[in-house]
1. Taking the Cα centre of region 591-695 as the origin, how large is its charge dipole in debye, to the nearest 20, when only Lys and Arg (+1) and Asp and Glu (-1) carry charge on their Cβ atoms?
2. If each of Glu632 and Leu386 carries a label point 7 Å out from its Cα toward its Cβ, how far apart are those two points in nm?
3. Structure shown: which of Lys186/Lys261; Lys111/Lys794; Lys156/Lys543; Lys478/Lys543; Lys478/Lys588; Lys156/Lys284 lie over 25 Å apart, alpha-carbon to alpha-carbon?
4. Taking the Cα centre as origin and putting +1 on Lys and Arg beta-carbons and -1 on Asp and Glu beta-carbons, what dipole magnitude results for region 260-340, to the nearest 20 debye?
5. Send over a whole-number figure in Å² for the accessible area per residue of region 708-760, probe 1.4 Å.
6. Show me 336-346, 741-751 ranked by packing, highest mean number of other Cβ atoms within 10 Å first.
7. With the crude spin-label approximation of a point 7 Å out along Cα→Cβ, what separation in nm comes out for Asn831 versus Tyr533?
8. Just to confirm a number: summing +1 for Lys and Arg and -1 for Asp and Glu over residues other than Ile279 whose beta-carbon lies under 13 angstrom from that of Ile279, what do you get?
Amino acid sequence: MAGNDNWINSYLDAILDAGKAAIGGDRPSLLLRERGHFSPARYFVEEVITGYDETDLYKTWLRANAMRSPQERNTRLENMTWRIWNLARKKKEFEKEEACRMLKRQPETEKARADATADMSEDLFEGEKGEDAGDPSVAYGDSTTGSSPKTSSIDKLYIVLISLHGLVRGENMELGRDSDTGGQVKYVVELAKALSSSPGVYRVDLLTRQILAPNFDRSYGEPAELLVSTSGKNSKQERGENSGAYIIRIPFGPKDKYLAKEQLWPFIQEFVDGALSHIVKMSKAIGEEIGFRHPVWPAVIHGHYASAGIAAALLSGSLNLPMAFTGHFLGKDKLEGLLKQGRQTREQINMTYKIMCRIEAEELSLDASEIVIASTRQEIEEQWNLYDGFEVILARKLRARVKRGANCYGRFMPRMVIIPPGVEFGHIIHDFDMDSEEENPNPCPASEDPPIWSQIMRFFTNPRKPMILAVARPYPEKNITTLVKAFGECRPLRELANLTLIMGNREAISKMHNMSAAVLTSVLTLIDEYDLYGQVAYPKHHKHSEVPDIYRLAARTKGAFVNVAYFEQFGVTLIEAAMNGLPIIATKNGAPVEINQVLNNGLLVDPHDQNAIADALYKLLSDKQLWSRCRENGLKNIHQFSWPEHCKNYLSRILTLGPRSPAIGDREEQINTPISRRNHIIVISVDSVSKEDLVRIIRNAIEVIHTQNMSDSTGFVLSTSLTISEIYSLLVPAGMLPTDFDAFICNSGSNIYYPSYSGETPNNSKITFALDQNHQSHIEYRWGGEGLRKYLVKWATSVVERKGRTERQIIFEDPEHSSTYCLAFRVVNPNHLPPLKELRKLMRIQSLRCNALYNHSATRLSVVPIHASRSQALRYLCLRWGIEVPNVAVLVGESGDSDYEELLGGLHRTIILKGEFNIPLNRIHNVRRYPLQDVVALDSSNIVGVEGYSTDDLKSAFQQMGMLKH
């Protein structure tokens, strides 16, 4: 520590002299990217904390007092050192609290895992045991290791990719403009292009957000953009064999505002509604284009990142189509990393990153996905294994049972598929004689060199040195400051090489996002501290098309590419470097481990050890034989990461998915079904009121429509957790006819009924209810059936009310209110119910894929299929009968059943009935992992609130929604 005192003193003094905000207060840690709430001082101090021991920090503070006279003492520095010490102590307190929490939860999780395998006591066959030991395809799904699966004949596939955040366009991508516009944006665009060029694929749509915000290029607001393949022309498209790849921008959220990914959650359902409309229209159009008599539905809906994962899950459920998911950077892994840093509490992390929304979305993606695509085995075994919905050992057992047709007792696990990311080979290195370069460093005239070369070379005093190249956004997790420290403190390395940092594009630092500005300021401070002028290049601008030229420049100087991120999910830059003949030094955390196993073109290092980074760079650059061997290995093996190879593996998996398709009524059905002829639909989903008040709400709503002479154009749907018999008993004694409604969504969305008369006239007929059988087959996906019921009955016996030494069971099976796709349980004492999130966690640990919810003021528990909900049932009705979602109005109370929040978002209108008639619902069933405002835009123009439910109140609300004339 003593050797670094001067560095710390000058570092902190520079920060203070710059007039930055002081440390302190109750704000969350500065790693949290909250616009307008960032203190560079506190960020830098926290960076110091991670590298030094608390005791040494305290000694430094004591020396600051003892070694200086009162005249020499720097009060600001003493105060800063004291605060560093306090922050270090706080970090250890966070670590201790988190360790205690994990220690407490571990036995609970282990017990649940043991229960999950109890029903599968049958030993694996000896041959399967042998396979399990080394074959990831048996362990948890599929792998590209070895020969690729056989590809069956494919033709005219339609594929939908979803990536919601960032700035997505096909040309001149602004990678690095912000934290959301990085490797994932490039990955999904290139994947769409590559898939559209693959045999058998007719069209690929990449769905993203339309951005019309000021200060953003107008191209992000274009509804559609044709993606051009790498070669510039798609020969398949020229021959009419396919329609190409497109970016389709769906408007959702505030129209004039760009949103970071943490702010998108309340608007996901709006995107889903817009995407549903697009997919239906496009599927019909493709069917007409290729001469089919029916629509060509997507072969798969593939979500990228958590937000797109939940969107894909909802679309998959609404359309009854297979889903694939790629998590990219997983939320639990990020949460664990932030907690280990000890800078913020769990609550502070969630406040900024909305991390619990993200983790729940990833769990839902596991529930709904047929296939989860990972880039490495490590991603599966160390990252996905953190989730409730996936566990390697249980996945192995289920996989083995499925292979031999054994009973899985209602349990399901998505297939984990390892497909490394591909790379565009449009910019292959130019062949040049590496051995001749020392004699002729400029084999071609300078005027022929790419312009970016001169912009980099101008930084260097001696541009002939080997170039160490880093291409990374200026964010803390990329660990650029440690790289600069490693270079600056190793004199032999500084004498041997130059360092080039490509840190995105920027104008003035003052105009950058706070986090980027802080990291860049840190880098510049270190360059000045180590006096690295003439040895480090950090250009302000570069085009995306110039990146290959930058790799080539580093290769021409016999340099190296370095990526020392704390954790690297994909490592596409490593593959790009290898493609351009550049050896690598890479982090040992994440995908680089497996990339290097294939390429064998560099060395791996601990990203926290700056000495190890410096030693590895010096070794690679000073040993010419090692450098040449790494370069040759990379060029020889790079073909394994090509996009054609990626797409070949991708499509072979997609083709194994079972055929599924939406249930859309034909023209004859729609003509004969009243609901399809309505201009507007009013859905009554009020849960938080008494039955008497519910009857009055229904009667008043119907009366408003009748008095406006709109009965023919406006239909009614009752959406509830009640059974159809309970609905009948509610309406008929109140003098209302079930035929006043076009449909009933019952049992929390697991049943849809259509009322009708059985005779020729109402006078001599009785009312019958027709069950929508198509909907039943629509929601049966992954339904655990009898296996699920048996486990729930067993679980119910463990939920007890404790009074002294007496224990009384409080949850009992309720066959009267159950149906084929709804398992109902009666609750005796709601105050002793476990929180709903704990029940859902337990079901996922058991690999029982279902949707559990409390209703009837928490006096009933309903368990339905994962694609069954009142919200999904509403989308199903709209899809089947050709109803536009914006023409639907949903009436809800101020709270409701535990699926209440799902009814609020979307393109439909929502009317919240407020007033004292709302019954305060039990606290237990309404607890969620995140605040309601994190997932619902309560200030949306699609949501209005009215006090009361009189005819005048409802008339006013319908007028505000544009359903009635004023």
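1. Taking the Cα centre of region 591-695 as origin, the dipole is about 540 debye.
2. Simple spin-label model gives 4.1 nm for this pair.
3. Values: Lys186/Lys261 16 Å; Lys111/Lys794 14 Å; Lys156/Lys543 35 Å; Lys478/Lys543 21 Å; Lys478/Lys588 13 Å; Lys156/Lys284 13 Å.
Checking Cα-Cα distances, Lys156/Lys543 exceed 25 Å.
4. Working: 7 positive and 7 negative charges, 24 e Å.
With only Lys, Arg, Asp and Glu charged at Cβ, the dipole is about 120 debye.
5. Details: 1870 Å² over 53 residues.
Heavy-atom accessible area per residue stands at 35 Å².
6. Numbers: 336-346: 18.6, 741-751: 26.5.
Put in order of decreasing packing, that is 741-751, 336-346.
7. For Asn831 paired with Tyr533, the spin-label model returns 7.4 nm.
8. Numbers: positive: Arg203, Lys281, Lys284, Arg875; negative: Asp205, Asp273.
Within the 13 Å Cβ shell, the charges total +2.
The values are calculated or read from the model by the stated rules, or taken from the named source; none is laboratory data. All of these numbers come straight from a predicted model, not from anything done at the bench. FYI the Cβ positions are ideal-geometry reconstructions off the backbone, even for glycines, and counts take in every protein chain you see. Each accessible area value is taken on the protein alone, full model and side chains, heavy atoms only, with ligands, DNA and RNA left out. Shrake-Rupley method; radii C 1.70, N 1.55, O 1.52, S 1.80 Å.
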